Amino acid sequence: MIKIAPSLLAADMGNLRQQVALIEEAGADYLHLDIMDGHFVPNISYGPAIVQSLRKESRLFFDVHLMIEKPEQYFAEFVKAGADLLCVHAETCPHLHRTIQNIKELGVKAAVAINPATSLGLLEDILPEVDMVLLMSVNPGFGGQKMIPNVLKKVKRLRQLAILEGWELDIEIDGGIGLENVAQAVEAGANVLVAGSAIFGAADIGNAVKEMREKAQQANELTWRP
Ligand code: DX5
Ligand code: ZN
């Protein structure tokens, strides 16, 4: 099922409550929350306190993307703050199997992300354990970058594998997604679509959510899968 996941990183930080209400009213599914530590990625965003205060305002599914080193140190805090899903980067987790189990034990969904230059092969033995895979389509750290087209091939390969294995895997694509390329991402096999600047940077934020859903839905209906 198609899920639209606006990324808060591009929102007006002085008006978060209002910005989240706009996407929720327009029918967004997820709120994508980018947590950055200035170590794993060269930028710092926000932490659990923001997640907690938005939790009181919103019923959206909170999709927490942890771009931080030693992410396991913060799992309990983010779950307490209201996360519905925690996503770790494979590049930060030498004991990925244990890390994924730790997330599940906290009663939330577990996802794993990889950077554009990281091979899908790294995930081969953890795929049956995760609810979602996030494929980065830009190098993580900043919003507003251009999608790296080669990542679409990786999306396609992962969707083919999921179909072959009979897994109902959610595949999230994150970075540089907008109205001009969302159909390509869906055709390749992504069903969770993150968009920061394309939504929060639009003149009409609510309309941007609706347009993105329409484009994605249409592409999904036109894509044949076995
Ligand atoms: C980048 C983040 C993204 C970012 C996407 O490191 O993971 O979620 O907010 O922003 P856009 O859609 O502007 O590329
Ligand atoms: Zn993200």
- Which of 13, 96, 160 sits farthest toward the positive end of the charge dipole of the chain, with +1 on the Cβ of Lys and Arg and -1 on the Cβ of Asp and Glu? 160
- Query: Once the Cα gyration tensor of segment 3-224 is diagonalised, what are the square roots of 5 times its eigenvalues, in whole Å and ordered largest first, as equivalent ellipsoid semi-axes?
  - Reply: 23, 22, 16
- Message: For segment 1-76, compute Rg over Rh where Rg is the Cα radius of gyration and Rh is the Kirkwood radius from the inverse mean 1/r over Cα pairs.
- Response: 0.97
- Would you mind telling me which residue in 135, 66, 122 has the biggest mean-square fluctuation in a Gaussian network model of the chain, where springs connect alpha carbons within a distance under 10 angstrom? 122
- Message: Using the crude model of +1 on Lys and Arg Cβ and -1 on Asp and Glu Cβ, and no other charge, please compute the dipole size for the chain relative to its Cα centre, in debye to 20.
- Response: 140 debye
- Size of charge dipole - segment 25-100 - debye, nearest 20, with Cβ of Lys, Arg +1 and Asp, Glu -1, no other charges: 240 debye
- Carbon and sulfur atoms: what percent of the 1.4 Å accessible area of the chain do they account for? 49 percent
- Ordering 224, 167 by the accessible surface of their heavy atoms, 1.4 Å probe, largest first, yields 224, 167
- Tell me, what is the 1.4 Å probe accessible area of residue 215, in Å² to the nearest 10? 90 Å²
- Task: Name the lysines eligible as straight-distance cross-link partners of residue 109: C-alpha to C-alpha under 18 Å, and not fewer than 8 places from it in the same chain.
- Result: 3, 80
- So what is the calculated 222 nm ellipticity per residue for the chain, using -39500 (n - 2.57) for each DSSP H run with n of 4 or more, over all residues, to the nearest 500 deg cm²/dmol? -10000 deg cm²/dmol
- Calc'd 3J(HN,Hα), segment 82-90, phi into Karplus 6.51 cos²θ - 1.76 cosθ + 1.60 (θ = phi - 60°), Hz, glycine/Pro = x, comes to x, 5, 9, 8, 10, 10, 9, 8, 4
- Message: So, for segment 84-181, what is the accessible surface per residue at a probe of 1.4 Å, expressed in square angstrom?
- Response: 47 Å²
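The values are calculated or read from the model by the stated rules, or taken from the named source; none is laboratory data. Computed from a predicted structure; not experimentally measured. Every residue, glycine among them, receives a Cβ derived from its backbone with ideal geometry; neighbour counts consider all protein chains shown. For the accessible areas, the whole protein counts, side chains as well, though only heavy atoms, and no ligand, DNA or RNA atoms are used. Shrake-Rupley method; radii C 1.70, N 1.55, O 1.52, S 1.80 Å.
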